[in-house]
Structures are given as C-alpha cells and as structure tokens.
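To start, the structure under review is shown below, and the notes come after it.
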C-alpha cells in the first residue's frame, strides 16, 4: 500500500537555517531516501517552496483566489514522500527514520488512494 508522509515544520525556523545546516539535513535525509529507493519503495518526494509563494483557491461561488496559504498555523506543510509499505507500522518506521535525520516538526502519515500511480507498482 502506498502512504503519503507529509512533512510539517515551522517554516520560519527551517528558513533560518544556514546553507550548511540545510545541506547537512538534506544529506541525512538522502540516506533514508536511498535505502527506500534500493528497496523499490520510494515514490515521488517533493520539497515545497515557502508558503509566501503559495496561492489558495477558495471554492466559493464564484471561486476566490488568495495569495498565500489557506490556514495560518505554527507548522506548515513543507514537503512529502510517497512510500510503498506493507502496513501503517512500516510507514511509521519510515517516518521515524526520516525524523531521526531531521528532528523537529511532525510527519502526518496517510494511506494513498492512487489515481495515477506513476512508476510505483501497487
């Protein structure tokens, strides 16, 4: 089953990291990603640009386009992973490995209902 691991963190904190610290975190995350890729379990991974680059479409009648994110929260969605796991426990193990590489924030794990599976066979 495919799971989305949604990465939440304080965007201001992450944005304040030095280039060296950011590169160090990305290197640690790359190790986890490489292990998943070798197992054929890693799907798309995305690091989102800051919420200041976001646009929100409110589904009103008529639709309303707003600059920025929909909700103001302490932690923002900064990226996501799609991983192939046997069950939720296995997905939680992946999230724990990611968390060890990049502490702080939170990971939200959700099963994925595939509409277009891409290159991962389900």
Among 65, 112, 14, which comes first, second and so on when ranked by fewest other beta-carbon atoms within 10 Å? 65, 112, 14
Expressed as a rounded percentage, what relative contact order does the chain have, with Cα pairs under 8 Å and six or more residues apart? 48 percent
If the elastic network links every pair of Cα atoms under 10 Å, which of 13, 78, 88 fluctuates the most in the Gaussian network model of the chain? 13
Dividing the alpha-carbon radius of gyration of the stretch 28-86 by 2.2 N^0.38 Å, where N counts its residues, gives 1.57
Along the Cα-to-Cβ line of residue 106, 7 Å from the Cα, sits a label point; which residues in the stretch 41-84 have backbone N less than 12 Å from it? 73-77
Most to least packed among 50-57, 25-32 [average Cβ atoms within 10 Å]: 25-32, 50-57
Per the helix-only calculation at 222 nm, which mean residue ellipticity applies to the chain, given -39500 (n - 2.57) for every DSSP H run of n ≥ 4 and division by its residues, nearest 500 deg cm²/dmol? -10000 deg cm²/dmol
So what is the diffusion coefficient of the chain in µm² per second by Stokes-Einstein at 4 °C and 1.567 mPa s, using a Kirkwood Rh over Cα pairs? 82 µm²/s
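Read-outs: derived from the displayed coordinates by stated rules, not from any lab. Just so it is clear, the model here is predicted, and its values are computed rather than measured. In this analysis, Cβ positions are derived from the backbone assuming ideal geometry, glycine residues included, and neighbour counts consider all displayed protein chains.
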